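Report on one structure; see the data block that follows.
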Amino acid sequence: MNGERDTVTESCGTTRRGKDSGNGTLAALAGVAVGVVVVLLVWLVVLMSRQDSPQEAASAPQSTDGPVTVKTLTVTPSVKGTKKAPAPVPPKVIGDVRSLPAGLFCRDLKAKGYSYVAAIDYWRLNGQPNQMDADKNGIPCETVYPRSDIGQYWNGREVGGAAPPASGLLCRDLAARGATYAQAVAYWWYYDMPQRMDADKNGIPCETVYSVAMVNNFWFQ
C-alpha cells in the first residue's frame, strides 16, 4: 500500500512540475511579446515626432530678431487685347508718268498733281509734242506751272520773247499794243499767271480777247 501511494505521489509531483514549467514558458513568451510591442510603440512615437517637426517649423512664426527678407512680387501687365498702332502710311508720291496715256496737256498733268519735273518726263517720253510747248522754244508747260519751278529746272532760263514793259496790264492792253497771242501768254506767265488775264481760271489766258484760231493754234497745234 505504501508503495502505491508513493508511486501516485511521484506521478502527481511530476505532473505538477510539468505544469509549472509550461506556465513559466508562457510567461516568458508573454513578457517578450510585451517588450516587442512596447519597442514598436516607442519607435512609432519617435517617427511621428520627426514627421511633425518640419511642419511645425514651417508653420511656426519666424523670429524678427535677425534680418527679414521681403520678397517683391512683380506684376507684369497683360498685353492681351491691346491694339497696335497702325503703321504710318507713306504719302502717295506722284511722279511716275509711264502709265499715263499719250496726248495729255500740261494742264492735265498739273490737275492730276504731277510736278513740273514729272511733266518734263512725260513730254520727253511722248516725243516732245508741240501741244506741251506751244511757242516751240524747248521749254514745255511754261504757261501752266509756276515760273519759279520752271526757272529752277532750267537754271533761270527765261521764256523767249517775254520782256514786258510793265506789270498790271490786261489782255486788251497787250492786244492794243500789237502783242501777239504768244506774247500775251508769255506776259501772263512772266507775272505768275494773274487771274485778271484768265477770268474763267481754265489755264488759258486772254481767250476772250484774241481770236479762237489764235488761241487754238497756240495751245492745241
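The values are calculated or read from the model by the stated rules, or taken from the named source; none is laboratory data. Remember, predicted model here, so these are calculated numbers, not experimental data. So basically every Cβ, Gly included, is an ideal-geometry build from the backbone, and we count neighbours across all protein chains shown. Surface areas here come from the heavy atoms of the whole protein model, side chains and all, with no ligands, DNA or RNA. Shrake-Rupley method; radii C 1.70, N 1.55, O 1.52, S 1.80 Å.
Note on exposure: 185, 209 ranked by accessible area (1.4 Å probe, complete protein assembly) read 209, 185, with the most exposed listed first. Once R0 is set to 35 Å, what does the formula 1/(1 + (r/R0)^6) return for the Cβ-Cβ distance between residue 170 and residue 102, expressed as a FRET efficiency to the nearest 0.05? It comes to 0.45. Each of the peptides 29-38, 117-126, 139-148, 99-108 was scored by the mean count of other Cβ atoms within 10 Å over its residues; in descending order, highest first, they stand as 139-148, 117-126, 99-108, 29-38.
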